[in-house]
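Nothing in this text is a laboratory measurement; each read-out follows from the coordinates by a stated rule. Quick caveat, the model's predicted, so the values are computed rather than measured. For neighbour counting, all protein chains shown are included, and Cβ atoms are generated from backbone atoms with ideal geometry for every residue, glycine included.
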Amino acid sequence: MSVRLLTAPAIEVAPGRVEARVSCDVARMRTTDVSGLSGRALEALPGLARHTCDNGLDLPVAEELGDTEVVHLLEHVAIELLLRGAPAKDMRGGTRWDFERDGRGAFRLLLEHPDDLATLAALKCALALVEVWATGGTGDVEGAIAEVRRVRRS
Ligand SMILES: [Zn+2]
C-alpha cells in the first residue's frame, strides 16, 4: 500500500490569500527524502530556478529546493503555476510549521494572490504534480497551467 506524500485536510480562503493545512508523510518531509523529486520539479518547471526565496542562507533557489521541506517545494510549484497561468503583480508564498502545536508533519502553506480561484487551482495542481514527481512520473505541467488559466477571473 502506498502512502500519499501530501494531503490538504483544510483550506481557508480570505481576500487576497489562501491558507492550506498540508500534511506531509513524516517519513518523507524533506526533498532529500524523496529521490529525484526536486530534479523532476526543476526539469518540469525551469522557472522555479528564477524564484526568489528568503531562505536566510542566500542559497540559489534551485539549490535550496534540493534540500528543503517538501511543502516548501509545493509552495514554489504553486507560485510558478500562478506565474504561468494567472500572473499578478503582488504574489508571494510562505511555509510555516509548529509541530508541537499542530502535530508532526503538519504544515501551513500561505499563498497570497488577488485571484482566489486561480490560487486554489494552482494549489490543487501543485499537490497532484508533487505527488506524481515523488513516484517518478513527469506529470502534466501544461495541463496544470491551462487549468489555472481556465478558472482565473480576468
Ligand atoms: Zn521559498
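How large is the charge dipole for the chain, taken about the Cα centre, if only the Cβ atoms of Lys, Arg (+1) and Asp, Glu (-1) carry charge, to the nearest 20 debye?
Magnitude of the dipole: close to 440 debye.
For segment 9-57, evaluate the Debye formula with one uniform point scatterer on each Cα (no solvent term) and list log10 I(q)/I(0) at q = 0.16, 0.17, 0.28 Å⁻¹, rounded to two decimals.
Values returned for q = 0.16, 0.17, 0.28 Å⁻¹ are -0.77, -0.86, -0.99.
For segment 107-154, what does the relative contact order come out to in percent, with C-alpha contacts under 8 Å and a separation of six or more?
Working: 27 pairs, mean separation 23.3, N = 48.
Contact order relative to length: 49 percent.
Trypsin sites (Lys or Arg not before Pro), restricted to segment 91-154: which are DSSP loop and have at most 10 other Cβ atoms within 10 Å? Let's see the in-between values first.
On the way: sites: R92, R96, R101, R104, R108, K124, R149, R150, R152, R153; in loops: R104, R152, R153.
Sparse-neighbourhood loop trypsin sites (Lys or Arg not before Pro): R153.
Per the Kirkwood definition applied to all pairs of different Cα atoms, how many angstroms is the hydrodynamic radius of the chain?
Roughly 15.3 Å, rounded to one decimal.
Using only alpha carbon pairs under 8 Å that are at least six residues apart, calculate the relative contact order of segment 6-151 and give it in whole percent. Mind dumping the intermediate values first?
Details: 244 pairs, mean separation 44.0, N = 146.
Over segment 6-151, the number comes to 30 percent.
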